[in-house]
Structures are given as structure tokens and as C-alpha cells.
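To start, the structure itself, in C-alpha cells.
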Amino acid sequence: MLSLQVPKYIDLISADGSGSTKLAIFSRLSDLFFNYDLLEQLFGFGVEKGNFAYSYYDGSYAHALIPMLLGELGLVGLLSYLIFWLFWGVKSPKVFFTVFIPFFILGLSYLPPLNETYFLVAGISMALTRKDDF
């Protein structure tokens, strides 16, 4: 039933100015990724240049979690980031579903990926939900 609604949601997102730029960012991601050197693909461009590397328009800010992480930290950093959160998901599914999933969904639109607040909230949530392990 949900799969029948997907085209309707894509049309709705496309009609929104911000949504259409997000779709453009993700549609250009694979093309842009392979335009860069292997070293840049693996390790990114750093925080300053990385936020602009994968965007809907050259010189524009990416405004989405995955392209920003890929641009800042490269494929190695993106995988490390996701593995970090998956590790916490295995250790504490409650933290995974109450911290990572909402941040990830917000990040599809815009959420700076390296904000230390997310990790602080995850750590506090982990401590509160798993006192017996600490």
C-alpha cells in the first residue's frame, strides 16, 4: 500500500522548492562522486569545501546529511559514521530508534552531520537506558 503512495509523495516533494533541490542533490550524487579523484572519494574534502562538493548546483550548499558527510569525510567517513550509529543500535535499539532514526530523517532535508549534540544525546540516552552495562 505504501509503495502505491511513493509517486504521490515524490510529486509533492518536487512541487516544493526545497524538496526539489533535495531530489536534485540525490539524483546528481553518483555522477558527482565519480567525477572526483579516488582520494577525494574516499576521504572527502573537509568541512569547508565538503559541504559544497555534492549539491544540486555547483557552488551551492548540499543541505542533506548523506551528501554533506560524503563531501566532508568521504566514503570512509560516511561508512564510519553509519557504523558508529549501527553499533549503538545493536547495543541499545531504544537509542537507535529514538536518536539516530529521527536525526537521519531530519538529515534528509538538512541537519549538520557532525554536530556534537547528537552524540551527547545518544550517550545520555544510552546511559539512561542501559545503566546495568556501565
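Only one entry of 118, 110, 81 meets the criterion of being in contact with a His (Cβ under 9 Å, 6 or more places away or on another chain), surrounded by 14 or more Cβ atoms within 10 Å (Cβ to Cβ) and either touching a residue at least 24 places away in the same chain (Cβ under 8 Å) or assigned to a helix (DSSP H, G or I) (or both), and that entry is 110.
Just checking, how many residues over region 45-62 are surrounded by fewer than 18 Cβ atoms within 10 Å (Cβ to Cβ) and not acidic (Asp, Glu)? Spell out how you get there, then give the answer.
Taking region 45-62 and keeping what is surrounded by fewer than 18 Cβ atoms within 10 Å (Cβ to Cβ), we get 46-49, 52, 57-61.
Of the ones still in play, those that are also not acidic (Asp, Glu) are 46-47, 49, 52, 57, 59-61.
Number satisfying all stated conditions: 8.
Residue count for region 24-41 satisfying the condition of being open to solvent by less than 50 Å² (accessible area, probe 1.4 Å) and under 17 Å from residue 108 (Cβ atoms): 3. Among the residues here, residue 96 qualifies as farther than 30 Å from residue 35 by Cα, open to solvent by less than 60 Å² (accessible area, probe 1.4 Å), without any contact (Cβ under 8 Å) to a residue 12 or more places away in the chain and touching a helix residue (DSSP H, G or I) at 6+ places or on another chain (Cβ under 9 Å). Of the listed requirements (1) open to solvent by 60 Å² or more (accessible area, probe 1.4 Å); (2) modelled with pLDDT of 90 or more, residue 16 misses just one: (2).
The values are calculated or read from the model by the stated rules, or taken from the named source; none is laboratory data. Values in this document were obtained by computation on a predicted structure and should not be read as measured data. Neighbour counts run over all protein chains shown; Cβ positions are idealised from the backbone, glycine included. Note: accessible area is taken over every heavy atom of the protein model, side chains too, but ligands, DNA and RNA are not part of it. Shrake-Rupley method; radii C 1.70, N 1.55, O 1.52, S 1.80 Å.
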